[in-house]
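Step one of this worksheet: look at the structure below.
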There are 2 protein chains.
Amino acid sequence: MIGIGLLGLGTVGAGVVEILNKRQEELKALTGKDIEIKKVLVKDINKKREIDLGENIITSDFEEIINHEDISIIVELTGDLEQSYRYIKRALNSGRDVVTANKAVVSKHFEELSSSAAEKNLGFLYEASVGGGIPILKPLQEALTLNNITVVQGILNGTCNYILTKMFYEGLDYGEVLKTAQELGYAEADPTADVEGYDTLRKLRILGTLALQGEIREEDILLEGISKITAFDIEQIKKMKSTVKLIGEAKELDEGFTAVVQPTIIKEDSYFANVNMAFNSVVFSGDNVGELKFYGSGAGKLPTANAVLSDVVDIIMGSYIKRNPLGERKLKNLNTRIKGEYYLRISSPIEEILKNIESISKELLSTNDNIALRTKEIEYIEIIKLLSSLGVHRDKYFLARILE
Amino acid sequence: MIGIGLLGLGTVGAGVVEILNKRQEELKALTGKDIEIKKVLVKDINKKREIDLGENIITSDFEEIINHEDISIIVELTGDLEQSYRYIKRALNSGRDVVTANKAVVSKHFEELSSSAAEKNLGFLYEASVGGGIPILKPLQEALTLNNITVVQGILNGTCNYILTKMFYEGLDYGEVLKTAQELGYAEADPTADVEGYDTLRKLRILGTLALQGEIREEDILLEGISKITAFDIEQIKKMKSTVKLIGEAKELDEGFTAVVQPTIIKEDSYFANVNMAFNSVVFSGDNVGELKFYGSGAGKLPTANAVLSDVVDIIMGSYIKRNPLGERKLKNLNTRIKGEYYLRISSPIEEILKNIESISKELLSTNDNIALRTKEIEYIEIIKLLSSLGVHRDKYFLARILE
């Protein structure tokens, strides 16, 4: 018997219980063991719930879980940051394997938790933290034994992708789509972490650090969210026979790396243009295997729970890399070298701005209520400097890389 | 030390040697062991080769390999069918784990070899046999523990996909493109196995049998190749804002399955339309994880060798399913129920044919030198019967499913 301590019984937690119940037979056939949820940590034990877990399973006291003799795997799904960090540390310190879906905690404490688990010969797996249900971290790590991976890219946030897809296909403005997304549960009441790109950034931090085998911290990643995009921008992008996606990309360059999360304009018939709604996709290239692309549900109860349980199965079967998966390469941050052609739209144009902006323009797309242009190949940092020197406030422009 | 016996030193064999040499350090770090090629079986030991394997490694005598005490894994890459079957059987009977890239032998002897390996507690892995470098069989099998999989589809043959891509983008005729493909090494001198769809069929036999957990034999799969397609067909397909791909699909239906390999017309902005040239892609759906898509190099020296070596690593690490991965479901062949809308082109139209064909037509696309039409929703088998009753020879028509 394998005893599980489940921390959190929200959407994903409920999904874990549901799949465990319906796949008991198959799990036993594979692992030879019964997998039992022994304790579930919740905030409010009196809250009415749809799942019946049986007697004495639910608790609001973490000590009951950490002191439970039959629990060997802790599945952390609280969603909280500092609390979950303490739970994971205590779990590892008490000799438990840990599975989490919490990208924030993995991103923030990646090095410490990875080396702690490795030192103690414990599993610390987090497949669900990137790309929802897509099996990506495991194939990526397996590819690393046989390949140098020099680039990893992804559409990593379902909320942003849902909003951009809806704006593109329905011509709606950002605010309208966000509101619908919130009503339908595709966006949180406070959508900041998603739409400003922080969630994508954390996932890129995890993906990039693994892929390049050197630390890429959150603060190493250039970030532009999608909250400034307007229906006008989408119109211009459509005229370019293109669409726009929030893409995170980490790339090896000389002895260093570039890492950036930004709205990216891609041709309508390109691969990423086909990743719509709440779907995610991750692409990486190895020097032997070539380019690999992975696509699937980026979020959702059952896909995410599926990823969590695939980690649980790997721990039971011992099918994971039993050493610190993080590399020790010291890579320089070369983000100042990021350059390319960009789409830039500035609202409320002033003659002064138009005159100065023209120096970086390759093609002027509009000079009506908005200045919109396609830049020449230029360093990203130069555009930001120029906008700052012209006093263009962050709220007044939208900037997107053009990828062709 | 892990000793490898390599059977065959063609393109993929040379790739295996190359990757093993350059990734020794990483392989040792992961597995804790040196992986050494102890013997290589070739037909002609005197042939000049680019790789230097050292003294006494190359042999033309299989007995030297099977009797070698230090060889624990046999990597079978001969490409031959019956010979390789005998090699694999002898390898398993002598207690060796086996890795192969040979889809023909896996397809033909799938049940026997799978159960033989499982009985003997040996590894029998064949990741490279489907989808080249794409990690697909392992993720598919892992998904099966937590999911019922009811459909698997794929672009599984690089040669066909190269030809169809070139015809589509360059407007060339089939024969011209095939010739270029042969000159460039994308197609064999005798291209039958590829262009008539047999290669795709074998891969679908493997994928479908695993995914549906019940036997789908080669003869259970409906087959249409691509050799009858013309530039005229491509023109009609373009007018439908679509493209055409050779797609294999196995699907659960009631207590049975349908399995078919056929040219399939898909919208230009759909996912598979983006899988071009020699790339492959496999898509499957699980009831928990949802839809997953995998994309990568469908062939080639290093991608295929990478897949072979990932199997070798899994055997060394014990990271594979240690029981017969084939399910025991008895599924009925329901291919007679396959229906849909089809594109049908018949060369050299005769009034008689035109009159009879109109009964199944939804839209007549051309009545010039060729009759081309889009059928109503109709059973596939009905079209074949009609063509046969009208005496339309196989060489005179092209039939493709329209998927929307």
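Before moving on, here are some points about what is shown:
- Conditions (1) within 26 Å of B:Leu403 (Cβ to Cβ); (2) facing chain A (nearest Cβ under 8 Å); (3) open to solvent by 40 Å² or more (accessible area, probe 1.4 Å); (4) not aromatic (Phe, Trp, Tyr); number of the one not met by B:Ile321: (1)
- Residue match in the range B:73-87 (condition: open to solvent by 30 Å² or more (accessible area, probe 1.4 Å) and more than 29 Å from B:Phe110 (Cβ to Cβ)): no
- A:Phe257 within 10 Å of chain B (Cβ to nearest Cβ) and at pLDDT 95 or above: no
- Any hit, the range B:86-106, residues being closer than 30 Å to B:Arg329 by Cβ, among the polar types (S, T, N, Q) and in a loop (DSSP other than H, G, I, E, B): yes
- Checked against (1) touching a residue at least 40 places away in the same chain (Cβ under 8 Å); (2) within 14 Å of another protein chain (Cβ to nearest Cβ); (3) not hydrophobic (A, V, I, L, M, F, W, C), B:Glu341 passes all but condition (2).
- Among (1) at the interface with chain A (Cβ under 10 Å from one of its Cβ atoms); (2) surrounded by fewer than 20 Cβ atoms within 10 Å (Cβ to Cβ); (3) not in a loop (DSSP other than H, G, I, E, B) - the single one B:Thr336 does not satisfy: (1)
- Any hit, the range B:301-310, residues being surrounded by fewer than 20 Cβ atoms within 10 Å (Cβ to Cβ) and within 14 Å of chain A (Cβ to nearest Cβ): yes
- Of all residues in the range B:112-159, those being open to solvent by 10 Å² or more (accessible area, probe 1.4 Å), within 18 Å of the chain's Cα centre (by Cα), within 11 Å of chain A (Cβ to nearest Cβ) and not charged (D, E, K, R) number 3.
- Sole residue being among the β-branched types (Val, Ile, Thr) and within 18 Å of B:Gly298 (Cβ to Cβ), chosen from B:Ile237, B:Ile229, B:Ile266: B:Ile266
- Selection from the range A:141-163 of residues that are assigned to a helix (DSSP H, G or I) and either out of contact with any strand residue (DSSP E or B) (no Cβ under 6 Å at 6 or more places or on another chain) or charged (D, E, K, R) (or both): A:Gln141, A:Glu142, A:Leu144, A:Thr145, A:Leu146, A:Gly158, A:Thr159, A:Tyr162, A:Ile163
- Being open to solvent by 20 Å² or more (accessible area, probe 1.4 Å), within 10 Å of another protein chain (Cβ to nearest Cβ), among the aliphatic types (A, V, I, L, M) and not in a strand (DSSP E or B) is a description that does not apply to A:Ile316.
- Residue in the range B:263-270 that is open to solvent by 20 Å² or more (accessible area, probe 1.4 Å), more than 24 Å from A:Val313 (Cβ to Cβ) and more than 10 Å from every other protein chain (Cβ to nearest Cβ) present: yes
- The range A:10-33: number of residues that are open to solvent by 70 Å² or more (accessible area, probe 1.4 Å) and either among the small types (Gly, Ala, Ser) or free of Cβ contacts under 8 Å to residues at least 40 places away in the same chain (or both): 5
- The residues in the range A:276-286 that are more than 8 Å from chain B (Cβ to nearest Cβ) and more than 17 Å from A:Leu246 (Cβ to Cβ) can be counted, and the count is 2.
- Note on the range A:204-235: residues that are open to solvent by less than 10 Å² (accessible area, probe 1.4 Å) and part of a helix (DSSP H, G or I) total 11.
- Qualifying positions in the range B:173-189 - surrounded by fewer than 21 Cβ atoms within 10 Å (Cβ to Cβ) and either farther than 21 Å from B:Lys245 by Cα or of a type in the set (Gly, Ala, Ser) (or both): B:Gly175, B:Glu183, B:Gly185, B:Ala189
The values are calculated or read from the model by the stated rules, or taken from the named source; none is laboratory data. Keep in mind that this is a model prediction, so the values were computed, not measured. A quick note on method: Cβ atoms are made from the backbone with ideal geometry, for glycine too, and the neighbour counts reach across all protein chains shown. These area figures cover heavy atoms from the full protein model, side chains too; ligands, DNA and RNA do not enter into them. Shrake-Rupley method; radii C 1.70, N 1.55, O 1.52, S 1.80 Å.
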